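The values are calculated or read from the model by the stated rules, or taken from the named source; none is laboratory data. Nothing here was measured: the structure is a model prediction, and the numbers come from that model. No Cβ is skipped: glycine too gets one built from the backbone with ideal geometry, and neighbour counts run over all protein chains shown.
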Amino acid sequence: MMHRLTLVAAGLLLLVACSGDDGGDAADTSVPETTTTTSAPLDPADVPAAPSAGCGATPEVPTGETQEALSSGGREWAYARHVPPAHDGTTPLPLVLDLHGLIEGGPIHALHTEMGAFGDEQGFVTLTPDSGREPAQWKLTGDRDVAFMVDLLDDVEADLCIDTNREYSTGLSMGGLMTTVLSCRLADRIAAAAPVAGIAIPEDCTPSRPVPAVIFHGTGDPILAYDGGLGAGAASLPLPGSSGETLGDMDEAESSAMNELLPGAEASAAAWAERNDCGSGVTEEAVADDVDLLTYDCPPDATVELYRVDGGGHTWPGSAFDQAIGDIVGTVTTSISANEVMWAFFQDHPLPA
């Protein structure tokens, strides 16, 4: 039973833990400010590769998955680096950040997405960082975790041959929320984003450019309700930093703040579209019996799409791991593959040169 509870927690978000730094962290480190820029719509084929410093410097880097460590902000962080066979040290490759949810940490998250193996097939580098906290969680406010992501990208760009015009972020649950934050804070580096079962409206989100986004969320999500707030399945989860309290024990002010952060998948997608200077229109198209695609009225270089999974749970579409624990996390659609959909989207949306 304990093992099952661990798997349950692995895919869940205890979002109130994100409001500040934990006691084990040093003071926040600053993140470089970016300036607002504008760009005309571009054909992806017209955006050349932007070779990183590592191109031609370390051609003997082994392919496959390795466990790495990085010092950032006065502490050590761990991450898995998956380098595809296509890496020859001289040809710039795209990169995907794959961010975990609460408690699960990087290794379990990798079972959900299998992004490393998918990257082998498609020819991109996958980075699966671990927050290193107990319970594992990202801090959505402050500079600490964003500064780590900057240092991580800098380190990998120096060691591998990366196309810095094609760096992307995705994540499940809290990883989806952290992806949202990165789209706000690192719009000059994150070319496009793909939050899965976790999208929010962060405070003070002022990206330096419109960031294209493809979003996935199930209408039957028992943890982060499709229409906003926490689902019934989150009530019994422990409240981080408390003594035996649960999320169901939150007071009125805490619940109100939670609802403001999580107004629902469609409201959050509409807010993202508004940040991207899109129009107010949205079209719906059935792409499968259980999946609808909502496309917002956006310029080509600012696309916002939401894949609404009818009855879908707190899951990664197409995940074999999630199917194995479907009685816990809810229904998993196999009509679409989140990996395939987001990679096609990423390829269409490089960073404007």
Does the stretch 139-163 hold any residues that are more than 25 Å from Pro85 (Cα to Cα) and small (Gly, Ala, Ser), and which are they? Gly142, Ala147
Filter the stretch 325-352 for residues that are closer than 24 Å to Thr126 by Cβ and of a type in the set (A, V, I, L, M) and give the result. Ile325, Val329, Val332, Ile336, Ala338, Val341, Met342, Ala344, Leu351
Of the criteria (1) closer than 21 Å to Thr179 by Cα; (2) in contact with a Ser or Thr (Cβ under 8 Å, 6 or more places away or on another chain); (3) free of Cβ contacts under 8 Å to residues at least 12 places away in the same chain, which one Asp322 fails: (3)
Would you please list the contacts, defined by Cβ atoms under 9 Å and residues six or more apart or on different chains, that run from a residue in the stretch 331-353 that is on the phi > 0 side of the Ramachandran plot and touching a residue at least 12 places away in the same chain (Cβ under 8 Å) to a residue that is outside any loop (DSSP other than H, G, I, E, B) and surrounded by fewer than 20 Cβ atoms within 10 Å (Cβ to Cβ)? none
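I need the helices (runs of 4 or more DSSP H) fully contained in the stretch 103-213, keeping only those with at least 2 residues that are more than 14 Å from the chain's Cα centre (by Cα), free of Cβ contacts under 8 Å to residues at least 40 places away in the same chain and surrounded by fewer than 20 Cβ atoms within 10 Å (Cβ to Cβ). First the steps, then the outcome.
Numbers: elements: 105-113, 115-122, 144-159, 174-185.
Answer list for the stretch 103-213: 115-122.
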Enumerate the pairs (first residue in the stretch 244-263 and under 21 Å from Val181 (Cβ atoms) and touching a residue at least 24 places away in the same chain (Cβ under 8 Å); second residue anywhere and surrounded by 15 or more Cβ atoms within 10 Å (Cβ to Cβ) and of a type in the set (Asp, Glu)) with beta-carbon separation below 8 Å, excluding pairs fewer than 6 apart on the same chain, so at least 6 apart or on different chains. none
Can you find even one residue in the stretch 322-337 that is in contact with a Cys (Cβ under 8 Å, 6 or more places away or on another chain) and buried (at least 20 other Cβ atoms within 10 Å of the Cβ)? no
Which residues, taken from the stretch 152-185, are of a type in the set (Val, Ile, Thr) and closer than 15 Å to Trp343 by Cα? Thr170
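How many residues, within the stretch 272-291, are within 21 Å of the chain's Cα centre (by Cα) and surrounded by fewer than 17 Cβ atoms within 10 Å (Cβ to Cβ)? Write out each step before concluding.
So the first thing to find is which residues in the stretch 272-291 are within 21 Å of the chain's Cα centre (by Cα), and the list is 272-276, 291.
This time we only want the ones that are surrounded by fewer than 17 Cβ atoms within 10 Å (Cβ to Cβ), so: 274.
Within the stretch 272-291, residues that are within 21 Å of the chain's Cα centre (by Cα) and surrounded by fewer than 17 Cβ atoms within 10 Å (Cβ to Cβ) number 1.
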Scanning the stretch 56-102 for residues that are in contact with a helix residue (DSSP H, G or I) (Cβ under 7 Å, 6 or more places away or on another chain) and outside any strand (DSSP E or B), the one modelled with the lowest pLDDT turns out to be Thr58
Starting from the stretch 297-309, keep only residues that are touching a residue at least 40 places away in the same chain (Cβ under 8 Å), then list their pairs with residues that are of a type in the set (Phe, Trp, Tyr) whose Cβ atoms are within a distance under 6 Å, requiring at least 6 positions of separation or different chains. Val304/Trp272; Val304/Tyr296; Tyr307/Phe216
Residue count for the stretch 302-314, restricted to those that are surrounded by fewer than 24 Cβ atoms within 10 Å (Cβ to Cβ), of a type outside the set (S, T, N, Q), touching a Ser or Thr at 6+ places or on another chain (Cβ under 9 Å) and not in a strand (DSSP E or B): 2
